[in-house]
Every structure is written in C-alpha cells, then in structure tokens.
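Trainee: Take a look at the following structure, please.
The values are calculated or read from the model by the stated rules, or taken from the named source; none is laboratory data. This is a predicted model, so every value here is computed, not measured. Using ideal geometry, Cβ is built from the backbone for each residue, glycine included, and neighbour counts are taken over all protein chains shown.
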Amino acid sequence: MAEGPDGGWVIDETVSGSINLDERKSLGQWLREPLLGNWDTLVVPEQDRVTRDDIHWWVFVGRLMEWGKRLVVLDDPGLDLSTPNGRMIAGIKATQAANYRKDVQKKLINAKAEYVKDGRYVGGHWPFGYRAVPREGQEGWERVIDPVSSKWVREAVDRILDEENPGSTQSVVKDWTKRGIPTAREWQAKNTPPKPGTKPKEPKGYKWQATSLQRVLLSPNLLGLGTWQGELVRKDGLPVQFAEAIISPAEALELRERILNNGKKRRGIRSNRSPLLGVVYCSCGSPMTYKHYKRPDKKYQYYRCCRVANEFTGCPKKARMWPLDVVYSYLEELFLSELGDEPYQKHKFVPGVNHYPEIQTLTEAIENLAENLGELPKGSRAARAAMEKMAEYEKKLDELEAQPVTPSRVVSTPTGKTFRDIWEGMETWDERGAFLARAHVMCVFAGTQTNPDVTLKWPDDLLGRVTRAVPMSV
Ligand SMILES: [Zn+2]
C-alpha cells in the first residue's frame with residue numbers, strides 16, 4: 001500500500017511478493033513520475049509483501065533512499081532504513097525470504113510427486129469418469145468416481161465390447177457428438193466452481209475425437225490406477241490405486257485388443273452372441289459358444305463346445321449341445337444356491353494418510369534455519385525471527401508426527417442386499433454373463449442332458465471377486 005498526501009491508498013493484496021514491484025499494476029505507477037512526487041511513505045503489512053527476492057529488495061531500498069521516501073513495515077515497527085544497522089537487518093530478512101521461496105518451490109514439486117504416490121489429487125486434468133473432491137476430514141483433494149461421466153465411460157466400454165455388434169470408437173464419438181456428451185475438459189470446466197471474484201468462464205467448445213476417446217479408454221485410470229506425467233505411478237513397485245475402478249482388468253485387456261487391432265481382427269469375429277463366453281465350458285476344457293438355427297416352427301438356441309465345429313479333431317469328449325434355457329437354469333440354480341443368501345457389501349477404497357512428505361519438508365526447513373541462525377548476531381532481530389519460525393515449525397512437526405500413518409485400505413459397508421437381489425437386479429443374460437465372467441466363475445457341462453454332470457468352479461477369494469464384479473448400475 002502506498003499512502004498519498006491526500007490519503008490515497010494503493011491496495012495490492014492479491015499480488016504475489018515474487019512479482020517485481022514495477023510490474024505490479026497499481027503500485028508501479030506510484031514509483032514513476034508524475035505520481036512519484038505525490039507520496040512520502042510506503043506502508044506494507046509485512047516485508048515479504050514488498051518483494052521476496054533479495055536482489056529486488058536491495059535495489060528497492062536504494063531507490064527509496066535516493067528519492068528520500070520512508071518505508072513502514074507494520075509487523076516490524078522498529079525497521080529503520082535510515083541507519084546502516086537497520087538496512088542490514090532488513091537485508092538479512094529479505095535474503096531469508098528469498099531462500100525460503102526457492103526452497104518452497106523445489107519442495108512443492110517433490111511433495112507433489114509424493115502426494116501422487118498416496119493416490120492424492122494435485123491438480124490438472126480429471127481422468128474422464130472421475131472428479132476431484134476435497135478429502136473428507138483431511139487436507140487436500142482426492143479423486144472419486146463421477147456419477148455422471150463414469151456412466152458415459154461405461155456406455156462406451158459396453159458398446160465397444162458388445163459381442164453381437166461391437167462398436168468402434170468412431171461410432172461412439174459420432175453418437176456422443178450428436179447427443180452433446182461433453183468432453184473431459186468441458187465436463188471438468190463445467191463442474192469446477194469458478195475462483196472467487198472471477199466471472200465463470202464459458203468453456204471453450206472441444207469436440208470428441210476417436211483418438212481422444214481411445215486415450216480415455218486405454219488409460220490405466222479406468223482401473224483406478226494413478227498416472228503422473230504419462231507414466232503409471234508406483235509405490236514400492238506397486239501401481240497406486242487412487243479410486244475405485246470403473247472397468248475390470250479383463251475388460252481393460254479386451255479394450256486394448258479391440259482398439260489397437262481395430263478392424264484387423266474384428267472381421268473374422270463371430271457374429272453370434274455368446275454372452276456366456278468364458279463362463280460355460282465343455283468337459284474337454286474348451287469354451288462353449290452360442291449357436292442357433294431356425295426351423296419353420298421353432299428357433300433353436302444352444303451352447304456347444306467350440307471344438308465340435310472342427311471337422312478334423314472335433315471335441316474329444318464327443319460333447320452334445322446344451323439348450324439355452326437349460327444352460328441358464330443350471331447357472332442360476334448353482335449361483336443362487338451358493339451365494340443367494342450371502343449379504344452384498346459395497347467395497348469402498350479409502351486412501352491412506354501419511355504425513356511423511358510434510359514432515360520431511362519441515363525437518364529440512366528447520367535444519368536450514370538452524371544453519372542460518374549460526375551466522376546471525378546473537379539476540380538480533382533477524383535471529384529472533386528465525387527462532388520464532390523454527391518454533392512454529394517444530395510445533396507443527398510435533399502435531400504431524402503424533403498423527404498415525406494409515407495405509408490405504410478397502411472398507412466394506414453393508415447394503416442390506418443379498419447376492420440374490422444383485423442377480424435379480426441384472427435384467428439380461430448379457431449382464432449376468434459379463435458379471436460371471438468378471439467374477440471368474442466357470443461352469444463345466446459334462447455328461448448328457450438326460451444324465452448331466454454340471455459343476456460350477458468358484459474362484460479363490462470368491463466373495464471378493466463377485467463383489468468387485470457387481471456392475472455399477474445395480
Ligand atoms: Zn469339448
């Protein structure tokens with residue numbers, strides 16, 4: 001703030017102390033003619049507000065003396081630039097401030113990388129399907145599944161992985177453009193509150209491109225895994241989970257296959273729908289696929305060992321066909337008898353708390369100040385300032401160190417539903433088939449229809465797998 005003879009004030013609160021004084025709009029004009037002659041005292045709340053750069057500080061002090069102006073620093077009323085001692089103390093403070101700023105910048109970058117390793121959000125683009133929210137009861141931000149855009153991601157995945165009529169990214173993009181589905185950037189812009197005091201920006205219109213959708217669909221972010229500057233984030237060698245996954249690992253692999261081999265492999269793909277592909281198996285170990293044929297009176301639908309069609313080898317178990325309704329009723333019965341009464345608990349990923357980066361930063365800051373302190377005159381104003389700062393850091397350090405380190409974990413919350421409700425909530429066999437495949441449930445059909453031997457093979461960690469496989473829509 002600069003005080004004019006008529007009590008005029010320049011208020012410059014929002015400008016960072018790292019911006020050169022002459023370059024600050026409101027203040028700069030007072031440092032030049034014709035306004036230069038109109039004031040004699042510059043009042044600032046803290047010395048930091050003048051500049052955090054020590055060189056600028058010395059230059060500025062030199063000019064003030066040349067002009068015969070006074071400087072009043074409100075938090076340091078004893079500051080006196082008219083004596084050599086006063087100028088020296090002010091200079092040391094400025095040097096300290098400059099050191100501190102450079103240090104902070106370096107540490108900020110390091111701390112960001114550490115935060116990312118904790119699955120935290122440090123700014124930048126939201127992965128499509130997720131949004132950033134303040135962490136509950138803690139400082140900082142995290143990403144969670146966005147209820148709206150995750151549905152669009154799900155829709156694109158389901159359309160591209162559709163067995164009967166697999167869509168291309170191009171066809172999804174065409175349809176999304178028609179429907180006005182916002183791009184990742186538009187969605188983020190629309191859902192981010194504007195900075196206080198600024199006009200909400202109308203986001204620039206971006207358009208979906210096949211390549212941008214592909215980037216979204218191939219990103220490990222959809223598995224809830226973090227990336228930092230284009231690379232998968234790892235901690236102790238393990239990929240870091242920042243939120244729940246939107247797609248399963250099996251779907252991620254399939255998407256990769258479909259998108260990267262777009263067109264090449266697809267031409268030979270079965271046009272028959274086999275929603276239970278990967279779920280139902282022949283006793284020879286081969287998957288069964290869906291077949292159908294029409295007779296004037298009836299449409300026949302069934303599953304059959306995929307090796308039957310091979311005229312040379314055939315199925316070594318001489319497997320027969322299994323009518324669709326028989327396959328369905330076996331699967332339903334076996335699934336419900338095992339899991340029907342099992343309560344379904346939602347799994348929620350809770351990122352851990354670890355203040356290590358902040359602790360590290362503060363410890364280094366204290367060491368740095370202690371080193372500087374040795375060079376300051378005992379009992380001087382500058383020494384006192386450094387000691388106060390150290391005490392403040394130590395207090396904060398004690399607080400942080402007293403907080404427990406908790407690892408990231410998954411918490412289960414009861415939903416009041418059983419797996420029977422989940423099963424019945426899925427309306428089509430496409431959904432149930434995809435669910436069973438995600439859960440790694442296998443059903444082996446041996447024997448004949450009149451003398452059947454049908455067994456369900458459950459994966460290890462059955463409950464965990466079926467829980468993770470439950471579609472978000474249920
Ligand atoms: Zn077979």
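Trainee: What about R320, is it of a type outside the set (G, A, S) and within 16 Å of the ligand (Cβ to nearest atom)?
Mentor: Yes.
Trainee: A further question on this structure: Where in the range 373-474 are there strands (runs of 3 or more DSSP E), lying wholly inside it, with at least 2 residues that are on the phi < 0 side of the Ramachandran plot and at pLDDT below 85?
Mentor: Filter on the range 373-474 gives 409-418.
Trainee: Among the listed residues S274, S283, which satisfies the condition of being modelled with pLDDT of 75 or more and under 37 Å from the mean Cα position of the chain (by Cα)?
Mentor: That would be S274, the only listed residue that is modelled with pLDDT of 75 or more and under 37 Å from the mean Cα position of the chain (by Cα).
Trainee: Run E332 past the list (1) touching a residue at least 40 places away in the same chain (Cβ under 8 Å); (2) within 16 Å of the ligand (Cβ to nearest atom) and report the number of the one that doesn't hold.
Mentor: That leaves (2) as the condition not met.
Trainee: Within the range 420-474, can you find the residues that are buried (at least 18 other Cβ atoms within 10 Å of the Cβ) and hydroxyl-bearing (S, T, Y)?
Mentor: If the condition is that a residue be buried (at least 18 other Cβ atoms within 10 Å of the Cβ) and hydroxyl-bearing (S, T, Y), then T467 is the only one that fits.
Trainee: Separate question: If I366 passes every condition in (1) away from the ligand (no atom under 16 Å from the Cβ); (2) at pLDDT 85 or above; (3) assigned to a helix (DSSP H, G or I) but one, which one does it miss?
Mentor: (2)
Trainee: For residues that are within 16 Å of the ligand (Cβ to nearest atom) and out of contact with any Lys or Arg (no Cβ under 9 Å at 6 or more places or on another chain), tally how many sit in the range 286-306.
Mentor: Looking only at that region, the number is 2.
Trainee: Now for a separate question. Is it the case that the range 257-267 has a residue that's at pLDDT below 85, more than 16 Å from the ligand (Cβ to nearest atom), outside the structural domain of G464 (by TED's automatic domain parsing) and closer than 22 Å to R465 by Cα?
Mentor: No, the range 257-267 contains no residue that is at pLDDT below 85, more than 16 Å from the ligand (Cβ to nearest atom), outside the structural domain of G464 (by TED's automatic domain parsing) and closer than 22 Å to R465 by Cα.
Trainee: For E251, work out the one condition from (1) modelled with pLDDT of 70 or more; (2) surrounded by fewer than 14 Cβ atoms within 10 Å (Cβ to Cβ) it doesn't fulfil.
Mentor: For E251, the failing item is (2).
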